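Take a look at the structure below.
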Amino acid sequence: MGTSYRYLHVEERGDVLLATIRREEKLNAMNDELMAELTDCFEGLRERPDIRTVVLTGTGKGFMAGADIEGYGGFDVGQFFAFQQKGREMYRAIESCPQPVVAAVNGYALGGGFELVLSCDLVVASERAKFGLPEVKLGLVPGGGGVQKLARIVGPFFARELTMTGRFVAAQEGKALGFVNEVTEPDRLLDAALTLARTIADQAPLAVQGLKRLIHDGRDASLETAQAYDRAYLANLFHSEDGREGIAAFREKRPAKFIGR
């Protein structure tokens, strides 16, 4: 994980990492450099067991207003697909990093920005947040996995409506549809997201990381196979130091001290 970036500000708050996208003049839209910075940051977290959770947010009116469309005009087909590939690498870096990622959505999360939200594990949204996959208005479709992820969350009928009309979804509707965990007043957004992140960070890290993987990997497996994953991971945790500590702390009626082993 790099120590300094141009568009991404990274701040460690104890065992919670706060990553803030700062390309406000473009509503935090993606370009090559921002995608590379996000990818580097989240890939680096694999080597940071001291970081337990991550909060990802934006500045100004945008969480991330998709790709920087102005750059599309000069792309040939090869350049366009290379740009899309960098985006997919960024999303995979977030999905595969061990730590849960809380998206604190401060404003517009559109196109690739909504796909960025859907790559995170939990979502806290400002009342001002707007979500959407409006690529149809450009004669395109989303290329970062958003279509399939959205359909798995809201079901095929709502996914068709949202992608075929390109309409924006407000935060409260996002909560009703199931891709927003909590809606807050704008000035409470970061505090709410950090509180959620710290609550998770206080839990046993191996169990939390396992839950992230089990839910991600199990959604495309049969129920029987996914439950087998659960049982196998549980057996490993039972033999871990944290597993023994958690059981001992419960029996001794004291707070557990988890160390991630």
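Among residues belonging to segment 219-240 that are hydrophobic (A, V, I, L, M, F, W, C) and assigned to a helix (DSSP H, G or I), point out the one that is nearest to the chain's Cα centre (by Cα).
The first filter runs over segment 219-240 and keeps only residues hydrophobic (A, V, I, L, M, F, W, C), leaving 221, 223, 226, 228, 232, 234-235, 237-238.
Keeping just the survivors that are assigned to a helix (DSSP H, G or I) gives 223, 226, 228, 232, 234-235, 237-238.
Details: L223: 24, A226: 22, A228: 26, A232: 26, L234: 25, A235: 28, L237: 25, F238: 28 Å.
Applying the filter and picking the extreme gives A226.
Among the residues of segment 154-198, how many are of a type in the set (A, V, I, L, M), farther than 14 Å from G132 by Cα and assigned to a helix (DSSP H, G or I)? Give the steps one after another, and end with the answer.
If we filter segment 154-198 for residues that are of a type in the set (A, V, I, L, M), which is where we start, we get 154, 159, 162, 164, 169-171, 176-177, 180, 183, 189-190, 192-194, 196-197.
Adding the requirement that they be farther than 14 Å from G132 by Cα leaves 176, 183, 189-190, 192-194, 196-197.
Checking which are assigned to a helix (DSSP H, G or I) leaves us with 176, 189-190, 192-194, 196-197.
The total comes to 8.
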Margin query: As an exercise: evaluate H216 against (1) over 16 Å from the mean Cα position of the chain (by Cα); (2) outside the structural domain of G87 (by TED's automatic domain parsing); (3) part of a helix (DSSP H, G or I); (4) closer than 26 Å to R88 by Cβ and give the number of the one condition it does not meet.
Written below: (1)
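Looking at L190, L206, which is the one that is under 22 Å from A125 (Cβ atoms) and either at pLDDT 95 or above or not hydrophobic (A, V, I, L, M, F, W, C) (or both)? Full working, then the answer.
Working: L206 fails: under 22 Å from A125 (Cβ atoms).
It is L190.
Could you go through segment 97-117 and let me know if any residue there is part of a helix (DSSP H, G or I) and closer than 30 Å to R261 by Cβ.
Initially, segment 97-117 is screened for residues part of a helix (DSSP H, G or I), giving 112-117.
Checking the rest, the ones that are also closer than 30 Å to R261 by Cβ come to none.
Checking segment 97-117: not a single residue is part of a helix (DSSP H, G or I) and closer than 30 Å to R261 by Cβ.
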Next item on the list: Return only the number of the condition from (1) surrounded by fewer than 17 Cβ atoms within 10 Å (Cβ to Cβ); (2) in a helix (DSSP H, G or I); (3) at pLDDT below 95 that G243 does not satisfy.
Entry: (1)
Next item on the list: Given the conditions (1) crowded, with 23+ Cβ neighbours inside 10 Å; (2) among the polar types (S, T, N, Q); (3) in a strand (DSSP E or B), report the number of the one that N28 does not fulfil.
Entry: (3)
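Among the residues in segment 177-184, are any within 19 Å of the chain's Cα centre (by Cα), within 21 Å of A19 (Cα to Cα) and among the aliphatic types (A, V, I, L, M)?
First, the residues of segment 177-184 that are within 19 Å of the chain's Cα centre (by Cα): 177-184.
Subset that is within 21 Å of A19 (Cα to Cα): 179-184.
Those still in the list that are among the aliphatic types (A, V, I, L, M) too: 180, 183.
Checked segment 177-184: at least one residue is within 19 Å of the chain's Cα centre (by Cα), within 21 Å of A19 (Cα to Cα) and among the aliphatic types (A, V, I, L, M).
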Notebook entry, point to check: Could you list, in sequence order, the residues of segment 121-134 that are touching a residue at least 60 places away in the same chain (Cβ under 8 Å) and surrounded by 20 or more Cβ atoms within 10 Å (Cβ to Cβ)?
Noted result: D121, V124, A125, S126, A129
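The values are calculated or read from the model by the stated rules, or taken from the named source; none is laboratory data. Quick caveat, the model's predicted, so the values are computed rather than measured. No Cβ is skipped: glycine too gets one built from the backbone with ideal geometry, and neighbour counts run over all protein chains shown.
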